[in-house]
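The values are calculated or read from the model by the stated rules, or taken from the named source; none is laboratory data. Note that the coordinates shown come from a computational prediction; the quantities given were computed from them, not determined experimentally. Ideal geometry is used to build each Cβ from the backbone, glycine not excepted, and the neighbour counts take in all protein chains shown.
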Amino acid sequence: MKLSRQQFIDWPNKSITLLGMSGVGKTTLSGLLPSDKWFHYSGDYRIGTRYMNEPILDQVKKMAMEHPFLREQLCKDSIYIRNNITIENLDPISEYLGKIGDPALGGLDLEEFKNRQRIFRQAEVSAMNDVPEFQEKARDIYNYPHFLNDAGGSICGLGSAECWDQLSQNSLVLYLRANVEVEQLLIERAQQFPKPLNYEEAFLEQHISEYLSNNSLAGDAEIVPDEFVKWIFPKLLQWRTPQYEDIAARYGYTADASKIFDLRDETDFIEFVCDAIERDKN
């Protein structure tokens, strides 16, 4: 959705989709907005609670069944297992995605990893296709005038037909671009806390081969999971950046993510978006 500065200011039911790498500041921005005026739609939360709840639970139950006592209790329906996913706690999704590598170190073999990635990708498509429905619910049921779609970092890998045509018709797309300093912070964080990631399959296949060759490894079972995540994250950042930029150029606007932490409230946020609109026009 393309608007002028004044059209955005006058828009009575503002709807914004935030785009950018995980950790770049999307959740920080959402925290600036009044909770009684802005409906916060978390794509990852929707993925975990609606579309991946069952696969996650199945994996947990499979692990529990390996323990004799838990197996007995589950088979007798004496206990049950459930997820406790919140917008602040998305760990069950990350743990399900897992990391490639040595099973003795908690790693997954390549085919199982790719299968889980495909499940996540389809869930991500479905969660983004749900946005118009939740925009209506936010207004008609909960009386929120405005809507914020906090999209996951890997959404840039989805094509136009999968989500961008629809999202751009129903919201203003704002790409939070990381400058060199912010990129370095993201890389340092990934080095210190290597977390499970979602990769496009073409990107994964290209880089898994490179990693095995560079480290003289016979197969994915020899990979140290955390070391692979540390190695691949900067390459993922480079891979995604032009995708983000293309989406912003075609469907929305670009804002400087380094400015986010200077913002104090909703007024600052609105001006932040307006500045992005003005830069695009100029």
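Summary of values
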read-out	value
Residue match in the range 174-184 (condition: crowded, with 16+ Cβ neighbours inside 10 Å, over 22 Å from residue 47 (Cβ atoms), at pLDDT 95 or above and of a type in the set (Phe, Trp, Tyr))	no
Checking residue 22 against (1) touching a Gly at 6+ places or on another chain (Cβ under 6 Å); (2) not hydrophobic (A, V, I, L, M, F, W, C); (3) not in a loop (DSSP other than H, G, I, E, B), the condition it does not meet	(3)
The range 116-160: number of residues that are closer than 22 Å to residue 22 by Cβ and out of contact with any Phe, Trp or Tyr (no Cβ under 6 Å at 6 or more places or on another chain)	23
Conditions (1) touching a residue at least 24 places away in the same chain (Cβ under 8 Å); (2) aliphatic (A, V, I, L, M); (3) farther than 19 Å from residue 115 by Cβ: number failed by residue 218	(1)
Count - residues of the range 119-133 that are out of contact with any helix residue (DSSP H, G or I) (no Cβ under 7 Å at 6 or more places or on another chain), touching a residue at least 12 places away in the same chain (Cβ under 8 Å) and surrounded by fewer than 17 Cβ atoms within 10 Å (Cβ to Cβ)	1
Residue among 268, 275, 262 that alone is acidic (Asp, Glu) and either crowded, with 16+ Cβ neighbours inside 10 Å or free of Cβ contacts under 8 Å to residues at least 12 places away in the same chain (or both)	262
Test: residue 232 is buried (at least 17 other Cβ atoms within 10 Å of the Cβ) and over 28 Å from residue 94 (Cβ atoms)	no
Any chance residue 134 is under 23 Å from residue 204 (Cα atoms), aromatic (Phe, Trp, Tyr) and in a helix (DSSP H, G or I)	no
Residue that is farthest from residue 202 (Cα to Cα), among those in the range 88-107 that are among the aliphatic types (A, V, I, L, M) and in contact (Cβ under 8 Å) with a residue 60 or more places away in the chain	105
Residues that are part of a loop (DSSP other than H, G, I, E, B) and in contact with a Gly (Cβ under 8 Å, 6 or more places away or on another chain), drawn from the range 168-198	178, 196, 198
Residue check, residue 37 modelled with pLDDT of 95 or more and surrounded by fewer than 13 Cβ atoms within 10 Å (Cβ to Cβ)	yes
Hits in the range 254-282 (condition: over 16 Å from residue 24 (Cα atoms) and either assigned to a loop (DSSP other than H, G, I, E, B) or aromatic (Phe, Trp, Tyr) (or both))	264, 265, 282
Hits in the range 137-173 - residues which are closer than 21 Å to residue 200 by Cα and among the β-branched types (Val, Ile, Thr)	155
Boolean, residue 116 is assigned to a helix (DSSP H, G or I), surrounded by 12 or more Cβ atoms within 10 Å (Cβ to Cβ), of a type in the set (D, E, K, R) and touching a strand residue (DSSP E or B) at 6+ places or on another chain (Cβ under 8 Å)	yes
Selection status of residue 142, under 30 Å from residue 277 (Cβ atoms), among the aromatic types (Phe, Trp, Tyr) and buried (at least 16 other Cβ atoms within 10 Å of the Cβ)	no
Residue within the range 62-71 that is surrounded by 14 or more Cβ atoms within 10 Å (Cβ to Cβ) and at pLDDT 90 or above present	yes
